[in-house]
1. Evaluate E = 1/(1 + (r/R0)^6) for residue 172 and residue 199, where r is the Cβ-Cβ distance and R0 equals 51 Å; express this FRET efficiency to the nearest 0.05.
2. Divide the volume of the convex hull of the Cα atoms of region 173-224 by its number of residues and quote the answer in cubic angstrom per residue.
3. Sort 7, 119 so the one with the fewest other Cβ atoms within 10 Å of its own Cβ comes first.
4. Quick one: grab the alpha carbon gyration tensor of region 24-145, order the square roots of its eigenvalues as a ≥ b ≥ c, and give me rounded if a/c is under 1.5, else prolate or oblate depending on whether a/b is larger than b/c.
5. Would you please give the FRET efficiency between residue 256 and residue 147, computed as 1/(1 + (r/R0)^6) with r the Cβ-Cβ distance and R0 = 22 Å, to the nearest 0.05?
6. For labels at residue 157 and residue 286 in the simple 7 Å Cα→Cβ model, what's the distance in nm?
7. With both bridge residues required to lie in the chain, what share of the DSSP beta bridges run antiparallel, to the nearest 5%?
8. Just want to confirm a number: the relative contact order over the chain, from Cα pairs under 8 angstrom separated by 6+ residues, in percent.
């Protein structure tokens with residue numbers, strides 16, 4: 001069980017936004033149901049997003065035991081809105097993307113872990129369809145994993161409820177016509193796997209995944225330097241995290257060019273500068289939240305259009 005139930009989390013979050021005229025809250029009650037239990041699913045967004053707007057999108061705690069993202073939203077969402085709006089951007093947030101896993105304190109939810117971050121499928125040259133590209137592999141076409149056309153290639157998987165709902169909501173977000181210029185997926189590295197360095201990953205630290213244009217990564221030095229005020233950055237460190245092959249962070253503490261079929265992989269395909277943040281499970285909650293906030297501030301600054309402060 002997490003520190004609070006998903007409904008307690010939802011109610012506390014909504015209460016923290018009471019009276020804000022710049023944000024709207026959508027609640028999808030009944031969309032996530034397991035064993036007769038309804039779980040809350042919430043979208044918080046800037047009001048009146050138009051096709052002329054540029055948007056930062058944030059998803060938190062898609063693995064239910066990685067609570068730093070959800071807690072960042074609970075404790076800092078008003079500040080996040082201020083930061084993003086002051087930079088001339090609009091905001092879309094999914095503050096608790098796996099409510100049943102959050103309650104259970106487990107990476108997956110009621111359905112276990114399989115398929116929880118299923119977003120992209122790659123059609124290979126030999127006709128195989130895979131959900132992850134290995135280094136150097138090429139493909140002929142890619143699909144969002146809910147595309148019915150995948151059945152023509154022998155893929156008939158059913159998405160878990162949380163993922164299916166997120167597919168629908170992200171399609172709706174994209175249909176608004178606004179450009180999603182930056183995305184953050186807030187994670188934690190809670191479990192040290194065999195083959196990983198327990199000394200490095202067993203202490204407070206941070207690293208990140210970068211998806212999108214290669215040239216974007218040159219812009220992250222300032223953000224990484226600010227993160228090091230809170231925790232060490234894991235450079236040149238082997239990471240497994242459930243991938244089929246080990247990966248290694250670079251001089252920035254970054255794992256780049258990862259085609260893992262994830263949420264951020266999908267958004268990068270759509271042209272969004274996408275970052276997955278990671279802090280170790282031993283990182284104190286306040287420090288993990290500050291790492292996430294450095295990414296919010298840093299990406300908002302990189303995509304700044306205006307510096308006028310948006311009033312609430």
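Just so you know, all these numbers are worked out from the coordinates, no wet-lab data involved. These numbers were taken from a predicted model, which means no experiment stands behind them. Quick reminder, even Gly has a Cβ in these numbers, built from the backbone with ideal geometry, and neighbours come from all protein chains shown.
1. Values: r = 45 Å, r/R0 = 0.88.
That gives a FRET efficiency of 0.70.
2. 145
3. 7, 119
4. oblate
5. 0.25
6. A separation of 4.1 nm, rounded to one decimal place.
7. For the chain, the DSSP antiparallel bridge percentage is about 55.
8. 22
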